[in-house]
Amino acid sequence: MAHQQRPAPSTTNDTAWKSGLRPPPKDFRPQTEDVTATKGMDFEDMFLRRDLLMGIFEAGFEKPSPIQEEAIPIALTKRDVLARAKNGTGKTAAFVIPSLQQVDITKNKIQALLLVPTRELALQTSQVCKTLGKHMGVQVMVTTGGTTLKDDIMRLGEVVHVLVGTPGRILDLAGKNVADLSECPVFVMDEADKLLSPEFTPVMEQLLAYLPKERQVMLFSATFPMIVKDFKGKHMRNPYEINLMEELTLRGVTQYYAYLEEKQKVHCLNTLFSKLQINQSIIFCNSTNRVELLAKKVTELGYSCFYSHAKMLQSHRNRVFHDFRHGAFRNLVCSDLLTRGIDIQAVNVVINFDFPKNAETYLHRIGRSGRFGHLGIAINLVTYEDRFNLYRVEQELGTEIMPIPSVIDRGLYVAPGATDEPQQKTQQQQSQQRNGAPAYGQAQAQQQNGRQAQQQAQGQAQRR
Ligand SMILES: Nc1ncnc2c1ncn2[C@@H]1O[C@H](COP(=O)(O)OP(=O)(O)OP(=O)(O)O)[C@@H](O)[C@H]1O
Ligand SMILES: [Mg+2]
């Protein structure tokens, strides 16, 4: 039986517990209705344990977002949930909060299994669990491929309440009887449609067999193609369905395309770098090979840049992800590895150097900017070969991708108070360019640049 420590709702005067909390500095950037159009519920109205509420407020969450308002109260009744909401609107906390609420800290068992499709997303999600559960004493473990199995086996010898990870590794651990899921009542699939693609579905089904019959299954994503129907019929019991996507794209993200030839792309990117006010940017390519080639070109142009893709060593991937998140460099070139779920609030520009092949990928990619209702732009470099794809994506998403104007209004993607200068090449970068330094391994040279990016993100921009 879960630990029931229920504080009175927000109508009581008992607020002393709040005064000792240390939330991050308030974010005053404007936000769109994608996150502000709520019914006005408070986290304190949700009958959550006080130590969990403390973690929520200390994370700087003042009010629930629309998806949190809809999903958390239902999830707390232990009903199955199938929820669809736009990118960056807080789906993670919408499943992490009810999962944590149901954990009995005194019990030495895995009580929530949170599955995600990529290793980076697993790290990010486990961090959210730790942040929100900070005052609960909850033990969260993250496990993914690309790390030593033995370390995971050792860790599972200690207490684990919440297990976050990618399906293959967890199945491995469950199959070896190392991860005991027999009393795990909560099973969450984030980016559920991806986890139900043919490469993952058999693993998901095998994993479910390790859980008790009485369990709660929750599926979250911004995209739910037909693929999910099968799973729903087979493994969910009368799920409560939430769909907060009357329109699909984010209100805060303006989309443009530049029509050009393949050989003009690098030049175009250079122009964008010199004109745009990039806080941090993610640049997507359609293959790992092209990621590396482009990162090299961007470095040669003299801009701060790293890259990441699935064929890299996991330790390098982690390093790049960590450094970018902490603003150590400004531009990240990557493959679709980082298309889903990745949350870096300082990203205000997404560039599709290569136009994606389908509408879902497009939606998730451009959703890397404009996080939590903030502003951002997405720029698509489109060639003759992409013209039908561009049209199809617009049709399928019911959105408009406009031709890029000669000047982009900074009010569309730059928070008020940020510097009005575009990113500049530093002397270090220029000398690296002469020395032909590779794209990977630039972190120290770019620290200055990155710190600035972070400050801008928090609305404390300084002029260079
Ligand atoms: N109630 C809240 N108040 C303030 N910020 C919040 C709140 N809920 C979530 N956030 C912040 O919003 C950002 C986006 O949240 P999250 O990553 O959960 O979005 P998502 O819906 O899962 O997006 P995606 O579809 O891209 O995975 C995060 O930085 C998170 O900390
Ligand atoms: Mg997410």
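The values are calculated or read from the model by the stated rules, or taken from the named source; none is laboratory data. The structure displayed is predicted, hence computed values, not measured ones. Here the Cβ positions follow ideal geometry from the backbone for every residue, glycine too, while neighbour counts run over all protein chains shown. Please note that ligands, DNA and RNA were not included when accessible areas were found on the heavy atoms of the full protein model with its side chains. Shrake-Rupley method; radii C 1.70, N 1.55, O 1.52, S 1.80 Å.
For the range 212-227, the criterion of being within 16 Å of ligand 2 (Cβ to nearest atom), farther than 28 Å from Asp151 by Cβ, open to solvent by 10 Å² or more (accessible area, probe 1.4 Å) and out of contact with any Pro (no Cβ under 7 Å at 6 or more places or on another chain) is satisfied by at least one residue.
Assigned to a loop (DSSP other than H, G, I, E, B), in contact (Cβ under 8 Å) with a residue 60 or more places away in the chain, under 22 Å from Ile170 (Cα atoms) and open to solvent by 40 Å² or more (accessible area, probe 1.4 Å): does that describe Ile105? In short, yes. Looking across the range 93-138, the residues that are touching a strand residue (DSSP E or B) at 6+ places or on another chain (Cβ under 7 Å) and of a type outside the set (A, V, I, L, M) come down to Phe95, Ser99, Gln102, Gln111, Thr125, Ser126, Cys129, Lys130, Gly133. Within the range 250-267, is there a residue that is part of a helix (DSSP H, G or I), away from ligand 2 (no atom under 16 Å from the Cβ) and farther than 30 Å from Gly302 by Cβ? Looking for residues that are part of a helix (DSSP H, G or I), away from ligand 2 (no atom under 16 Å from the Cβ) and farther than 30 Å from Gly302 by Cβ, one finds none in the range 250-267, hence no. Test Asp386 against the criterion of being within 11 Å of ligand 1 (Cβ to nearest atom), of a type outside the set (Lys, Arg) and open to solvent by 10 Å² or more (accessible area, probe 1.4 Å), and give yes or no. For Asp386, the condition - within 11 Å of ligand 1 (Cβ to nearest atom), of a type outside the set (Lys, Arg) and open to solvent by 10 Å² or more (accessible area, probe 1.4 Å) - is not met.
Within the option set Pro66, Pro98, being surrounded by fewer than 24 Cβ atoms within 10 Å (Cβ to Cβ) and more than 9 Å from ligand 1 (Cβ to nearest atom) holds for one residue only, Pro66. Taking the residues in the range 329-349 that are assigned to a strand (DSSP E or B) and more than 16 Å from ligand 2 (Cβ to nearest atom) as candidates, determine which candidate is farthest from Ser221 (Cα to Cα). Checking each candidate, the answer is Asn331. Filtering the range 108-135 to residues that are among the polar types (S, T, N, Q), in a loop (DSSP other than H, G, I, E, B) and within 16 Å of ligand 2 (Cβ to nearest atom) leaves only Thr118.
Only one entry of Asp51, Asp104, Asp80 meets the criterion of being closer than 18 Å to Asp193 by Cα, acidic (Asp, Glu) and more than 13 Å from ligand 1 (Cβ to nearest atom), and that entry is Asp80. Entry remark, the range 73-95: residues being in a helix (DSSP H, G or I) and either buried (at least 23 other Cβ atoms within 10 Å of the Cβ) or within 12 Å of ligand 2 (Cβ to nearest atom) (or both) number 6 in total.
If a residue must be open to solvent by 40 Å² or more (accessible area, probe 1.4 Å) and either assigned by TED's automatic domain parsing to the domain that holds Gly398 or under 16 Å from Thr166 (Cα atoms) (or both), how many such residues does the range 198-211 contain? Matching residues across the range 198-211 total 6. When restricted to residues that are more than 20 Å from Phe372 (Cα to Cα), touching a residue at least 12 places away in the same chain (Cβ under 8 Å) and of a type outside the set (A, V, I, L, M, F, W, C), the range 244-276 contains 9.
Comparison of Tyr259, Tyr307 shows that the only residue that is of a type in the set (Phe, Trp, Tyr), assigned by TED's automatic domain parsing to the domain that holds Tyr384, in contact with a strand residue (DSSP E or B) (Cβ under 8 Å, 6 or more places away or on another chain) and buried (at least 20 other Cβ atoms within 10 Å of the Cβ) is Tyr307. Restricting attention to the range 22-41, the residues that are away from ligand 1 (no atom under 12 Å from the Cβ) and either surrounded by fewer than 14 Cβ atoms within 10 Å (Cβ to Cβ) or not assigned by TED's automatic domain parsing to the domain that holds Leu100 (or both) total 8.
When we screen Val178, Val138, Val160, Val164 for residues that are open to solvent by less than 10 Å² (accessible area, probe 1.4 Å) and either part of a loop (DSSP other than H, G, I, E, B) or acidic (Asp, Glu) (or both), the only hit is Val160.
Taken as a whole, the structure places Gly327 among residues that are open to solvent by less than 10 Å² (accessible area, probe 1.4 Å) and not acidic (Asp, Glu).
Within the range 186-197, does at least one residue satisfy the condition of being basic (Lys, Arg), open to solvent by 40 Å² or more (accessible area, probe 1.4 Å), away from ligand 2 (no atom under 16 Å from the Cβ) and touching a residue at least 12 places away in the same chain (Cβ under 8 Å)? No, the range 186-197 contains no residue that is basic (Lys, Arg), open to solvent by 40 Å² or more (accessible area, probe 1.4 Å), away from ligand 2 (no atom under 16 Å from the Cβ) and touching a residue at least 12 places away in the same chain (Cβ under 8 Å).
Every condition in (1) more than 16 Å from ligand 1 (Cβ to nearest atom); (2) open to solvent by 40 Å² or more (accessible area, probe 1.4 Å); (3) within 17 Å of the chain's Cα centre (by Cα) is met by Arg317 except one, and the failing one is (2). Restricting attention to the range 42-63, the residues that are more than 21 Å from the chain's Cα centre (by Cα), of a type outside the set (Asp, Glu), surrounded by fewer than 18 Cβ atoms within 10 Å (Cβ to Cβ) and within 17 Å of Phe95 (Cα to Cα) add up to 1. Against the test of being within 16 Å of ligand 1 (Cβ to nearest atom) and of a type outside the set (Gly, Ala, Ser), the options Phe355, Phe372 yield a single qualifying residue, Phe372.
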